[in-house]
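The values are calculated or read from the model by the stated rules, or taken from the named source; none is laboratory data. Quick caveat: nothing in here was measured; it's all calculated off a predicted structure. Positions of Cβ are generated from backbone atoms using ideal geometry, with glycine treated the same way; all protein chains shown enter the neighbour counts.
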Amino acid sequence: MAENPESLIYGLRMVVINGTVADGFGKVADAFAQNFADFPELGAGFALVADGELKVDISAGVADKASGRPWDADTLQLVFSTTKGAAAICVARLVEAGKLSYSDTVATHWPEFAANGKGEVTVAQMMSHQAGLPYVDAPLTIDQILEVGPVVEALAAQTPIWEPGTAHGYHAVTYGWLAGELVRRVDGRSIGTYFADEVAGPLGLDFWIGLPESEEPRVSTLEASAPPSDPAELALMLQVMGPGTIGFKALTMNGSLMAFGAENPFNTRALHATEMPAANGITNASSLARMYAATVGEVDGVRLVGADTMRAMSTEAVNGPDEALVAETRFGMGFMLNNELVPLLSPTSFGHAGAGGSLGQADPESGVGYGYVMNQMMSGIAGDPRTVRLNDAVRACL
């Protein structure tokens with residue numbers, strides 16, 4: 001493959017890949033192009049930072065299926081749970097600053113949280129999905145959810161659905177509001193503002209938790225995946241998130257946030273504007289890559305956390321059957337760790353995937369940060385085949 005700093009042109013589905021690829025990383029661009037040939041990829045971006053330098057920054061496809069608007073260097077993408085890594089970094093920075101400890105009880109900083117048996121829940125347990133609050137019992141409208149305050153109050157008042165610390169289950173959406181309220185109680189700023197001031201600003205990232213209206217025209221339109229055609233895979237998906245399951249309640253806020261169909265709320269201005277730190281981060285691949293690279297080394301003179309905090313936030317806290325996702329999951333302090341559900345670059349990598357396929361991760365061994373974003377969601381419980389291929393290509397280049 002010839003490498004060109006302006007445009008990489010492939011014959012696969014007439015895909016034109018725009019961007020830059022440094023010498024030695026051509027296999028990554030090849031893998032990215034192959035995804036357009038083998039999968040229903042619509043528009044996507046991939047970036048990789050190594051040794052503090054942006055080695056790969058490429059994109060292709062269309063940002064809006066209906067209009068045919070091309071995906072270009074200005075395109076932004078909502079990345080669902082890939083946002084959780086950004087929230088986890090905010091908490092880790094407060095730990096590094098000595099304003100917070102993972103061993104603190106949440107109620108030390110948020111007294112109302114102690115209600116109904118939660119007084120001994122630690123920050124570590126909350127960040128590793130052990131708090132027993134994967135969904136909100138109280139019926140909330142979409143307007144109340146977007147307001148944030150009613151959700152936070154409901155979580156503080158709620159009785160855990162399992163004894164905290166005895167099990168873990170993916171807090172698919174509630175994680176963000178729990179982490180966000182902790183940040184607000186400790187720092188005084190909302191997590192969106194804190195992230196903008198302390199993470200995105202110093203690194204010059206295009207990344208928001210709560211998107212300004214001025215940036216709205218840049219956002220790509222999400223396309224929901226079709227249900228799995230394989231009966232066994234469909235049966236597994238229904239086991240995880242069929243009506244009435246913990247997974248369904250956790251992933252949809254009891255049905256209030258259904259990311260499917262023409263009325264997908266995640267394509268609306270109202271949802272982009274709110275702060276949903278588990279699920280509505282809007283960014284691009286290069287910003288994800290730079291953010292994660294700055295957790296394992298310096299990027300333009302900025303390192304987000306030191307080595308000790310990096311090890312603390314990426315050390316395994318839980319590993320085993322997940323009460324919400326049914327499959328086995330591994331988490332550190334808000335980060336997914338390498339396992340079969342979400343394969344990462346190496347056994348020591350940490351990061352977070354998002355619904356439909358997006359992924360951001362850091363690899364301490366190689367000093368790499370990487371980001372993949374896309375607008376065509378794919379269904380499936382285990383690792384997205386697009387990022388599995390990209391992981392293999394990155395390893396081959398490294």
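Pick out the one residue from D57, D72 that is in a loop (DSSP other than H, G, I, E, B) and modelled with pLDDT of 95 or more.
Details: D57 fails: in a loop (DSSP other than H, G, I, E, B).
Unique residue meeting the criteria: D72.
Residues are listed down the side, and each one gets a yes or a no for (1) more than 25 Å from N267 (Cα to Cα); (2) in a loop (DSSP other than H, G, I, E, B); (3) touching a Cys at 6+ places or on another chain (Cβ under 8 Å); (4) in contact (Cβ under 8 Å) with a residue 12 or more places away in the chain:
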site	(1), (2), (3), (4)
T159	yes, yes, no, yes
E163	yes, yes, no, yes
A167	yes, yes, no, yes
G176	no, no, no, yes
A179	no, no, yes, yes
A200	no, no, no, yes
P217	no, no, no, no
S225	no, yes, no, yes
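Looking at (1) out of contact with any Asp or Glu (no Cβ under 8 Å at 6 or more places or on another chain); (2) at pLDDT 95 or above; (3) on the phi < 0 side of the Ramachandran plot, can you tell me which one G188 breaks?
Going through (1) out of contact with any Asp or Glu (no Cβ under 8 Å at 6 or more places or on another chain); (2) at pLDDT 95 or above; (3) on the phi < 0 side of the Ramachandran plot one by one, G188 breaks only (3).
The rows are residues; the columns are (1) in contact with a helix residue (DSSP H, G or I) (Cβ under 7 Å, 6 or more places away or on another chain); (2) aromatic (F, W, Y); (3) on the phi < 0 side of the Ramachandran plot; (4) in contact (Cβ under 8 Å) with a residue 40 or more places away in the chain.
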{"residue": "A63", "(1), (2), (3), (4)": "no, no, yes, yes"}
{"residue": "S67", "(1), (2), (3), (4)": "no, no, yes, no"}
{"residue": "D72", "(1), (2), (3), (4)": "no, no, yes, yes"}
{"residue": "L76", "(1), (2), (3), (4)": "yes, no, yes, yes"}
{"residue": "S81", "(1), (2), (3), (4)": "no, no, yes, yes"}
{"residue": "A88", "(1), (2), (3), (4)": "yes, no, yes, yes"}
{"residue": "R93", "(1), (2), (3), (4)": "yes, no, yes, yes"}
{"residue": "G98", "(1), (2), (3), (4)": "no, no, no, no"}
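It is to be established whether one or more residues within the stretch 357-369 are closer than 20 Å to T252 by Cβ and either without any contact (Cβ under 8 Å) to a residue 24 or more places away in the chain or aliphatic (A, V, I, L, M) (or both).
Quick first cut of the stretch 357-369, residues closer than 20 Å to T252 by Cβ only: 357-358.
Add one more test, that the residue is either without any contact (Cβ under 8 Å) to a residue 24 or more places away in the chain or aliphatic (A, V, I, L, M) (or both), and what stays is none.
Within the stretch 357-369 (the criterion being closer than 20 Å to T252 by Cβ and either without any contact (Cβ under 8 Å) to a residue 24 or more places away in the chain or aliphatic (A, V, I, L, M) (or both)), the answer is no, since none of the residues qualifies.
Could you grab me the full set of residues in the stretch 113-149 that are assigned to a helix (DSSP H, G or I) and either crowded, with 17+ Cβ neighbours inside 10 Å or touching a Pro at 6+ places or on another chain (Cβ under 6 Å) (or both)?
At the first step, the residues of the stretch 113-149 found to be assigned to a helix (DSSP H, G or I) are 113-114, 123-127, 142-147, 149.
Once the filter is applied, which keeps residues that are assigned to a helix (DSSP H, G or I) and either crowded, with 17+ Cβ neighbours inside 10 Å or touching a Pro at 6+ places or on another chain (Cβ under 6 Å) (or both), the stretch 113-149 yields F113, V123, A124, Q125, M126, M127, Q144, I145, L146.
Does the stretch 312-339 hold any residues that are out of contact with any strand residue (DSSP E or B) (no Cβ under 9 Å at 6 or more places or on another chain) and part of a helix (DSSP H, G or I), and which are they?
Selection gives A312 alone.
Scan the stretch 67-100 residue by residue and report those that are surrounded by 15 or more Cβ atoms within 10 Å (Cβ to Cβ) and among the hydroxyl-bearing types (S, T, Y).
Hits for the stretch 67-100 are T75, S81, T82, T83.
Can you name the residue in the stretch 325-338 that is over 23 Å from Y102 (Cα atoms) and not acidic (D, E) and is also surrounded by the fewest Cβ atoms within 10 Å (Cβ to Cβ) among such residues? Don't jump to the end; show me each part of the working.
Going through the stretch 325-338, the residues over 23 Å from Y102 (Cα atoms) turn out to be 325-328.
Next, from what is left, pick out any that are not acidic (D, E): 325-327.
Working: L325: 22, V326: 19, A327: 17.
Checked the stretch 325-338; the qualifying residue surrounded by the fewest Cβ atoms within 10 Å (Cβ to Cβ) is A327.
Which numbered condition trips up A393, out of (1) small (G, A, S); (2) assigned to a loop (DSSP other than H, G, I, E, B); (3) in contact with a helix residue (DSSP H, G or I) (Cβ under 7 Å, 6 or more places away or on another chain)?
All conditions pass for A393, except number (2).
Which numbered condition in (1) more than 21 Å from G149 (Cβ to Cβ); (2) under 16 Å from the mean Cα position of the chain (by Cα) is the only one that C90 fails?
Unmet condition: (1).
Could you check N319 against (1) more than 21 Å from R290 (Cα to Cα); (2) of a type outside the set (V, I, T); (3) buried (at least 19 other Cβ atoms within 10 Å of the Cβ) and say which number it fails?
Unmet for N319, out of (1) more than 21 Å from R290 (Cα to Cα); (2) of a type outside the set (V, I, T); (3) buried (at least 19 other Cβ atoms within 10 Å of the Cβ): (3).
Of a type in the set (V, I, T) and over 22 Å from P217 (Cβ atoms): is that true of V28 in this structure?
Numbers: of a type in the set (V, I, T): yes; over 22 Å from P217 (Cβ atoms): yes.
Yes: the conditions hold for V28.
Is it the case that the stretch 285-300 has a residue that's surrounded by fewer than 18 Cβ atoms within 10 Å (Cβ to Cβ), touching a residue at least 40 places away in the same chain (Cβ under 8 Å) and farther than 21 Å from T193 by Cα? Reasoning before the result, please.
Kept after step one, since they are surrounded by fewer than 18 Cβ atoms within 10 Å (Cβ to Cβ), are these residues of the stretch 285-300: 298, 300.
In the following step, the residues that additionally are touching a residue at least 40 places away in the same chain (Cβ under 8 Å) were identified as 298, 300.
Still in the list and also farther than 21 Å from T193 by Cα: 298, 300.
Yes, there is a match, as at least one residue in the stretch 285-300 is surrounded by fewer than 18 Cβ atoms within 10 Å (Cβ to Cβ), touching a residue at least 40 places away in the same chain (Cβ under 8 Å) and farther than 21 Å from T193 by Cα.
If you go through the stretch 204-217 one residue at a time, do you hit one that is among the hydroxyl-bearing types (S, T, Y) and more than 28 Å from N319 (Cβ to Cβ)? Let's see the steps before the verdict.
First, the residues of the stretch 204-217 that are among the hydroxyl-bearing types (S, T, Y): 214.
Pick out the ones that are also more than 28 Å from N319 (Cβ to Cβ) and you get 214.
Yes: the stretch 204-217 contains one or more residues that are among the hydroxyl-bearing types (S, T, Y) and more than 28 Å from N319 (Cβ to Cβ).
Tell me, yes or no, whether the stretch 4-27 has at least one residue that is in a helix (DSSP H, G or I), at pLDDT 95 or above and surrounded by fewer than 21 Cβ atoms within 10 Å (Cβ to Cβ). Can you show your working first?
Quick first cut of the stretch 4-27, residues in a helix (DSSP H, G or I) only: 12-14, 26-27.
With at pLDDT 95 or above added as a condition, the list becomes 26-27.
After this cut, where a residue has to be surrounded by fewer than 21 Cβ atoms within 10 Å (Cβ to Cβ) as well, the list is 26-27.
Yes: the stretch 4-27 contains one or more residues that are in a helix (DSSP H, G or I), at pLDDT 95 or above and surrounded by fewer than 21 Cβ atoms within 10 Å (Cβ to Cβ).
Given (1) modelled with pLDDT under 90; (2) closer than 29 Å to G43 by Cα, identify the lone condition not met by I209.
(1)
Looking only at the stretch 346-393, how many residues end up being in contact with a Phe, Trp or Tyr (Cβ under 9 Å, 6 or more places away or on another chain), surrounded by fewer than 24 Cβ atoms within 10 Å (Cβ to Cβ) and more than 30 Å from R69 (Cβ to Cβ)?
Number of matching residues: 1.
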